[in-house]
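Each remark here refers to the structure printed beneath this line.
The values are calculated or read from the model by the stated rules, or taken from the named source; none is laboratory data. Just so we're clear, the structure is a prediction, and the values are computed from it rather than from any experiment. When we count neighbours, we look across all protein chains shown, and the Cβ atoms used for this are built from the backbone with ideal geometry, even at glycine. The accessibility values were calculated without ligands, DNA or RNA, using every heavy atom of the protein model including side chains. Shrake-Rupley method; radii C 1.70, N 1.55, O 1.52, S 1.80 Å.
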Amino acid sequence: MSPQTRWALVLGVLVVLAVFGPTVAADYVYDDHLLIRLNYETTTLAQPWRFFGQGLWAGTPTFAPPGMYYRPLMALSVAVDRALFGLVPGPAHLHSLLWHMLGTGALLGLLHRLELPAMASVAGALVFALHPAQVEPVVFLSARNDLMAGALVLGGVALLLGAPGARVSRRGLVLGGLCLLAAGLSKESALLAPVVLLVLSVVVRRRAPQGGALGIALGAVGSVVLMRALAGVGTPPNAGLARVLAAAPDALLWWCRVVVWPVDLVPGMALLWPPARPWWALVVVVVFVGVLVRSGGRRALGGLALSALTLAPALPAVAHTGLVPDRYLYLPMAGLGIAVAAALAPLTPRMVALFAGGLGLVLALLSATTVPRWQDDTALWTATLARMPTPHVAASFAKVLELEGDLDQAAEWYGRALVAPIPARHACWNIARVHLLIGDPLSAARMGEQALTVGCPL
């Protein structure tokens with residue numbers, strides 16, 4: 001590694017820490033209240049193996065058996081945080097940030113295994129580390145599973161690919177398999193890791209995976225599938241092929257917009273109340289992909305294939321929830337980083353350094369303006385309501401107010417979420433209940449009737 005590259009790497013690490021360092025002062029937000037604060041299963045580390053026999057949301061107030069998500073290592077990480085630091089959020093945010101730094105380092109290792117120049121690799125890693133789409137998974141504690149799965153998939157695939165020109169060692173096979181096993185126990189999207197390994201080997205390296213690496217990867221994910229079945233965890237309802245195909249176009253368009261124009265990013269993009277379709281973003285992405293492939297060749301194509309493969313498992317979740325969050329882009333951004341590094345590879349190190357510096361500065365500034373929106377629920381939902389004032393966002397804000405004990409304001413925002421012809425289903429369930437909690441049965445009856453008139457189901 002040249003001194004120029006070494007300094008670029010050190011500067012990049014400092015910039016990432018400067019951008020995301022303030023997250024350690026953030027509070028719990030959004031689903032953190034249910035998954036972390038109110039989760040009785042994570043209050044103790046006694047019998048930690050119990051996490052491997054149940055769904056992620058077991059122990060939360062909203063859990064309904066059999067559960068849909070099998071992420072025992074995510075639950076275990078929350079339990080470790082609570083055992084060490086209680087419910088103080090700062091150390092938990094630092095824990096998540098360390099996973100992001102580990103993922104960035106794993107991507108650098110993978111770029112080296114794909115034989116990309118050092119300076120171009122640093123540029124690709126900066127795209128992954130600093131893109132504003134990464135703010136949500138880094139700051140949102142409930143999205144730590146994306147960070148864990150991402151870092152472990154990238155590290156495991158890098159180990160199973162082996163060093164350029166050398167066979168994969170037995171140690172590499174064992175460590176790579178363990179990484180992919182842990183990735184699958186962190187989030188279901190990691191189950192496509194064997195396909196990622198195959199694509200990067202065949203498309204980028206133009207040869208089959210070495211020394212039983214593919215068998216090790218298949219064994220790792222097969223073990224996760226078996227453990228999930230033994231735990232009795234189900235699959236998300238309303239995520240059949242027809243619903244996935246119906247949700248995919250709007251979801252992909254939104255993600256295109258997030259990638260090429262990451263400005264004013266907030267959670268809560270719901271398919272029932274979508275903004276105007278950003279067709280322009282699709283055009284920009286198509287042109288951008290063409291430029292990357294033309295310049296980066298098969299290595300850029302392999303990176304883009306990684307993006308597509310790791311984004312595909314998110315579509316059933318989108319069909320189930322009706323939401324299109326930025327956090328599902330976490331691992332796909334690694335594929336984009338590979339493609340960018342491949343496209344920059346033909347340039348001189350000085351030209352790559354100038355490009356990386358300019359792009360890194362822009363992404364850092366955009367991310368730095370996004371991080372404060374996630375500091376607490378008030379900041380988050382105020383920004384989201386200004387950007388996307390939909391019934392879903394109003395109902396989400398109402399739930400936060402309810403959990404904080406502000407029942408009068410919660411009732412008002414639940415009422416604002418009852419908009420014909422498509423009210424927020426969550427408000428339909430809660431509008432009458434919150435009035436009963438206030439002690440106003442007449443208003444509960446009146447709002448229950450109003451909910452039926454605007455389209456809430458019986």
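With q set to 0.16, 0.27 Å⁻¹, the log10 of I(q)/I(0) for the stretch 146-196, from the Debye formula over equal scatterers at the Cα positions, is -0.39, -0.92.
Accessible area per residue for the stretch 300-431, computed on protein heavy atoms with a 1.4 Å probe, is 37 Å². For the chain, the fraction of 1.4 Å probe accessible surface lying on carbon and sulfur atoms is 69 percent. Taking every protein chain into account, the accessible area of the stretch 219-277 amounts to 48 square angstrom per residue (probe 1.4 Å). Averaging the sequence gap over all C-alpha pairs within less than 8 Å and six or more residues apart, then dividing by the number of residues, gives the chain a relative contact order of 18 percent. Hydrodynamic estimate: the Kirkwood radius of the stretch 133-247 over Cα pairs, inserted into Stokes-Einstein at 10 °C and 1.306 mPa s, corresponds to D of 104 µm²/s. Based on the reciprocal of the average 1/r between different C-alpha atoms, the Kirkwood radius for the stretch 24-134 equals 16.0 Å. In this Cβ point-charge picture (+1 for Lys and Arg, -1 for Asp and Glu), the chain has a dipole of about 1980 debye about its Cα centre. For the pair Trp429 and Leu94, label points projected 7 Å from Cα toward Cβ lie 3.7 nm apart. The alpha carbon centroids of the stretch 372-407 and the stretch 157-220 are separated by 41 Å.
Simple rule: put +1 on each Lys or Arg Cβ and -1 on each Asp or Glu Cβ in the stretch 1-154, find the dipole, and look at Pro65, Phe51, Pro137; the Cα lying farthest toward the positive end is Phe51. Rounded to the nearest whole Hz, the Karplus-based 3J(HN,Hα) values (6.51 cos²θ - 1.76 cosθ + 1.60, θ = phi - 60°) of the stretch 92-104 follow the sequence 5, 5, 4, 4, 5, 4, 5, 5, 5, 5, 5, x, 5, with x at glycine and proline. Sorted into 5 angstrom bins from 0, the C-alpha pair distances of the stretch 372-435 split as 4, 22, 29, 24, 14, 6, 1 percent.
If you wrap the stretch 314-406's Cα atoms in a convex hull and average its projection over all directions, what's the area in nm²? Computing the convex hull of the Cα atoms and averaging its projections yields 8.1 nm².
A viscosity of 0.890 mPa s and a temperature of 25 °C, combined with the Kirkwood radius over Cα pairs in Stokes-Einstein, give a translational diffusion coefficient for the chain of 107 µm²/s.
Dimensions of the stretch 206-324 from C-alpha coordinates, computed as largest minus smallest value along each principal axis and given longest first, are 45, 41, 26 Å.
One quarter of the convex hull surface built on the alpha carbon atoms of the stretch 225-274 amounts to 5.3 nm², the projected area averaged over directions. For the stretch 237-388, the square roots a ≥ b ≥ c of the C-alpha gyration tensor eigenvalues yield an a/c of 1.5 or more together with a/b not exceeding b/c, which makes the shape oblate. Taking the Cβ-Cβ separation of Ala445 and Val225 as r and a Förster radius of 60 Å, what is the calculated FRET efficiency to the nearest 0.05? The calculated FRET efficiency here is 0.80. Helix 441-453 and the longest principal axis of the Cα set of the chain meet at an angle near 60°. Taking Cα centre as origin and charging only the Cβ of basic (Lys, Arg, +1) and acidic (Asp, Glu, -1) residues, the dipole magnitude of the stretch 238-387 rounds to 460 debye. A dipole drawn for the chain from +1 and -1 charges on Cβ atoms has a positive end, and of Gly177, Ala92, Val13 the residue lying farthest that way is Gly177. Computing FRET efficiency as 1/(1 + (r/R0)^6) for Asp408 and Phe63, where r is the C-beta to C-beta distance and R0 is 45 Å, gives about 0.95.
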